[in-house]
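Colleague: I have a structure I would like to understand better, so I am pasting it below and will then ask my questions one at a time.
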Amino acid sequence: MTQITIIGGGLAGLTAAIACAEEGADVLLHEAHRTLGGRARSTAEPYVANDGTHVLYSDGAPFRWLDRRGLAGPCRSLTLKEFRKFRVRYDSRLLARPPRPLVRALLKRGLDAPVHESFASWGQRHLGEEATNAVAGLLGVVTYEADPGRLSAKFVWDRFRRVSRPGFPSPRYVVGGWGRMIGRMAARARDLGVTIETGSRVTEPPSGPVIVATGLDAARTLLGDPALTWESGRSALLDLGLTRDPADAFVVSDLDEGGFLERYSSPDPTLAPENESLIQLQMPLRPGEGKNEGIARLERLADLGLPRWRDRVTWRREALASGRTGALDLPGLTWRDRPAIDRGDGVRLAGDSVAAPGLLSEVAVNSALEAARRAVASIGKTRQMK
Ligand SMILES: Cc1cc2nc3c(=O)[nH]c(=O)nc-3n(C[C@H](O)[C@H](O)[C@H](O)COP(=O)(O)OP(=O)(O)OC[C@H]3O[C@@H](n4cnc5c(N)ncnc54)[C@H](O)[C@@H]3O)c2cc1C
């Protein structure tokens with residue numbers, strides 16, 4: 001039987017490998033890096049910080065797919081302890097409740113927004129300026145974009161509706177960090193007979209069915225196809241280990257600047273040494289702004305939510321995420337307009353900027369499942385995937 005080759009051992013590549021192998025296909029996966037996981041890697045103990053992905057959304061099909069196979073868990077959800085420490089930055093002040101403009105937007109959740117118009121102009125008419133800005137600030141955490149107002153109204157509003165669903169809280173925290181989940185996925189793939197080669201960078205797509213799960217930039221080079229681009233965010237990232245202080249916020253959602261601070265060691269204390277906290281912060285960068293300016297704005301956000309944090313630092317890491325935070329759809333475009341899964345000649349794409357629905361990494365999982373279904377069908381394995 002023909003082998004399916006998968007290039008890339010991140011969330012998308014491992015999902016595709018498991019899905020193909022579950023249908024009985026012979027699978028070979030190449031990962032350029034020495035370790036699997038891509039953006040879903042975590043740092044080593046004692047400070048376990050996720051490089052990219054932070055939470056899974058339990059109200060989405062990708063979570064159910066992972067959970068059914070025992071790959072997601074153990075996971076933690078939020079408790080009253082975390083809810084009590086939710087804070088919002090609005091008008092330069094730290095609030096314990098959502099400000100009125102955000103409540104006004106929440107009351108209009110039932111509205112539908114159009115694809116063709118920008119969120120800024122649609123919001124101005126339907127929500128008013130203050131509520132539009134508050135929604136844009138709230139969504140910094142899932143867009144990594146300083147100006148969500150320039151994006152398609154439907155893209156932004158659908159995400160607002162998703163994160164403000166009455167079923168909240170849907171976020172799930174993978175105990176021990178995302179690296180653990182990647183380890184479980186790799187073990188499952190190997191159990192199913194997948195051959196995984198790490199430290200194996202592919203420079204020419206092999207013949208036969210191939211799933212390219214490398215991220216769009218690498219896929220563009222690998223396939224020599226300049227059309228493989230899509231809009232994505234740009235953010236400064238700051239991770240902190242701090243000695244614990246009961247006064248620390250759990251979350252600061254920065255409605256003024258789109259920033260976000262979260263103390264991940266609250267739902268999962270294994271992420272930091274005893275009596276310490278692990279906090280990850282992100283700030284979408286404005287046009288022309290560099291990482292250091294973003295970090296300076298993050299430090300001011302930390303000043304609000306983490307009293308005297310500068311005297312408590314035990315570990316610190318800074319990074320820039322540019323084009324690494326998933327797809328953003330501009331006015332007139334939806335996920336269906338992103339680079340298609342089928343590229344011809346048996347080549348298929350999977351990843352978080354590919355034509356598939358979902359929020360952040362859900363796009364990577366959804367596109368991987370679809371690419372796997374098509375690759376398996378192409379070699380005559382047609383059993384319905386569950
Ligand atoms: C800061 C940040 C925060 C995020 N937060 C969240 C979140 O909270 N929730 C969420 O759902 N998502 C989040 N995301 C998005 C999520 O991390 C990604 O959507 C997901 O990890 C993408 O997985 P992937 O497999 O498509 O790509 P990647 O993880 O980039 O994997 C691609 C892999 O391909 C390999 N590769 C590249 N070229 C080659 C080659 N030529 N040969 C062999 N291998 C190759 C790479 O080494 C890499 O391992 C976040 C992302 C970032 C950056």
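Colleague: By DSSP, what percent of the beta bridges with both residues in the chain are antiparallel, rounded to the nearest 5?
Modeller: Of the beta bridges lying entirely in the chain, close to 65 percent run antiparallel.
Colleague: Here is a follow-up. Bin width 10 Å, alpha-carbon pairs only: give the P(r) of the range 99-208 as whole percents, running from 0 to the bin holding the largest distance.
Modeller: All Cα pairs considered, the percentages come to 12, 31, 17, 19, 16, 4.
Colleague: Add -39500 (n - 2.57) for each DSSP H run of 4 or more in the chain, then divide by its residues: what number comes out at 222 nm, to the nearest 500 deg cm²/dmol?
Modeller: -9000 deg cm²/dmol
Colleague: Using only the Cα atoms of the range 1-74, build the gyration tensor, take square roots of its eigenvalues as a ≥ b ≥ c, and label the shape rounded, prolate or oblate: rounded if a/c is under 1.5, else prolate if a/b is larger than b/c, else oblate.
Modeller: oblate
Colleague: Please give every one of the aspartates and glutamates within straight-line cross-link reach of LYS81, meaning a C-alpha to C-alpha distance under 16 Å, and leave out same-chain neighbours fewer than 8 residues apart.
Modeller: Straight-distance partners of LYS81: ASP245, ASP248, GLU262, ASP268.
Colleague: Among SER367, SER265, SER118, SER58, what is the fewest-to-most ranking by other Cβ atoms within 10 Å?
Modeller: SER58, SER118, SER265, SER367
Colleague: While we're on this one: If we count every other residue with Cβ under 12 angstrom of GLY176's Cβ, Lys/Arg +1 and Asp/Glu -1, where does the sum land?
Modeller: Residues near GLY176 contribute +1 overall.
Colleague: Scanning the chain for helices, which whole DSSP H stretches are 18 Å or more long along the axis (Cα) and average 0.0 or more by Kyte-Doolittle?
Modeller: The answer, listed by residue number, is 361-378.
Colleague: Report the convex hull volume per residue for the chain, counting only C-alpha atoms, in Å³.
Modeller: 134 Å³
Colleague: Given contacts defined as C-alpha pairs under 8 Å and at least six residues apart, what's the relative contact order of the chain, whole-number percent?
Modeller: So the answer I get is 26 percent.
Colleague: Which whole-Hz couplings ³J(HN,Hα) result when phi for each residue of the range 263-279 is put into the Karplus expression 6.51 cos²θ - 1.76 cosθ + 1.60, θ = phi - 60°, listed in order with x for Gly and Pro?
Modeller: 9, 5, 6, 6, x, 9, x, 5, 7, 9, x, 4, 6, 10, 10, 10, 10
Colleague: Residue by residue through the range 322-337, which ³J(HN,Hα) values in whole Hz follow from phi under the Karplus form 6.51 cos²θ - 1.76 cosθ + 1.60 (θ = phi - 60°), with glycine and proline marked x?
Modeller: Values per residue, Gly and Pro as x: 10, x, 10, 10, x, 6, 10, 9, 7, x, x, 10, 10, 4, 5, 8 Hz.
Colleague: Further question: Within the range 1-63, which trypsin sites (Lys or Arg not before Pro) sit in a loop by DSSP and count at most 13 neighbouring Cβ atoms inside 10 Å?
Modeller: The qualifying sites are ARG34.
Colleague: Cross-link candidates for LYS154: which aspartates and glutamates have Cα within less than 19 Å, leaving aside residues fewer than 8 places away along the same chain?
Modeller: Straight-distance partners of LYS154: ASP112, GLU117, GLU129, GLU130, GLU145, GLU231, ASP329, ASP337, ASP352, GLU362.
Colleague: If you don't mind, another one. With springs only between Cα atoms under 10 Å apart, run a GNM on the chain and tell me which of ALA32, ALA213, ALA227 wobbles the most.
Modeller: ALA227
Each value in this text was obtained by applying a stated rule to the coordinates, not by laboratory testing. Since this is a predicted model, take the numbers as computed values, not measurements. Neighbour counts are summed over all protein chains in view; Cβ atoms, including those assigned to glycine, are modelled from backbone coordinates with ideal geometry.
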